[in-house]
Amino acid sequence: MNLHDVNSGIKKNKKKKRVGRGPGSGHGKTSGRGHKGQGQLAGWSASPIFEGGASPLIRRIPKRGFHNRFGLTVAVVNVGQLDAAFEAGAEVTLRSLKMKNLAKGRYDLLKVLGAGELTKKLKISAHRFSASALEKIQTAGGQANVLAPADHQENA
């Protein structure tokens with residue numbers, strides 16, 4: 001592929017295919033649906049998993065495991081990461097964690113874990129804290145604020 005081939009065939013304002021407008025249009029009579037068969041009928045469309053009558057792959061492969069549709073997604077942050085990302089005396093909130101790319105994506109709960117060392121006094125707001133994280137925050141002179149589960153993600 002060459003650089004001048006990248007946009008070849010792409011039209012900015014492409015006209016809609018007008019079907020069933022006579023033999024001169026090139027899309028007359030059967031309107032691109034062919035002769036006979038279920039595809040010629042109005043309102044018929046194949047299911048996304050339809051494989052021409054063969055048993056679909058999605059049904060041939062066995063089901064594995066369990067997915068809890070009511071389970072909460074928990075994002076985790078370690079105290080060592082907080083120590084590296086924030087200055088002493090800073091307030092750590094869900095929004096500030098998102099700005100520092102420590103709690104990315106969508107989640108229901110944020111849990112602070114105790115991996116790493118905490119040397120700075122921080123005011124940390126999260127939904128859950130591990131026992132070791134609480135101990136490290138208190139020994140550093142910080143404060144742990146437990147949020148209610150409904151306070152998660154304003155606009156993730």
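Yes or no: the stretch 77-97 includes at least one residue that is open to solvent by 70 Å² or more (accessible area, probe 1.4 Å), touching a residue at least 12 places away in the same chain (Cβ under 8 Å) and in a loop (DSSP other than H, G, I, E, B). The answer is yes; a qualifying residue exists. Which count do you get for residues in the stretch 10-44 that are touching a residue at least 12 places away in the same chain (Cβ under 8 Å) and among the hydrophobic types (A, V, I, L, M, F, W, C)? Residues that pass the stated criteria total 1. Screening Gly37 with (1) at positive phi; (2) at pLDDT 90 or above gives one miss only, at (2). Per the conditions (1) closer than 30 Å to Ala115 by Cα; (2) open to solvent by less than 100 Å² (accessible area, probe 1.4 Å), the sole criterion not satisfied by His67 is (2).
Of the residues making up the stretch 3-51, those that are exposed (fewer than 10 other Cβ atoms within 10 Å of the Cβ), of a type outside the set (A, V, I, L, M) and either touching a strand residue (DSSP E or B) at 6+ places or on another chain (Cβ under 6 Å) or not in a loop (DSSP other than H, G, I, E, B) (or both) are His4, Asp5, Pro23, Gly24, Gln38. Looking across Leu41, Leu94, one residue alone is among the hydrophobic types (A, V, I, L, M, F, W, C) and under 25 Å from the mean Cα position of the chain (by Cα). It is Leu94.
The values are calculated or read from the model by the stated rules, or taken from the named source; none is laboratory data. Computed from a predicted structure; not experimentally measured. Here Cβ is always computed from backbone atoms with ideal geometry, including for glycine, and neighbour counts include all displayed protein chains. For accessibility, only protein heavy atoms count, side chains too; no ligands or nucleic acids. Shrake-Rupley method; radii C 1.70, N 1.55, O 1.52, S 1.80 Å.
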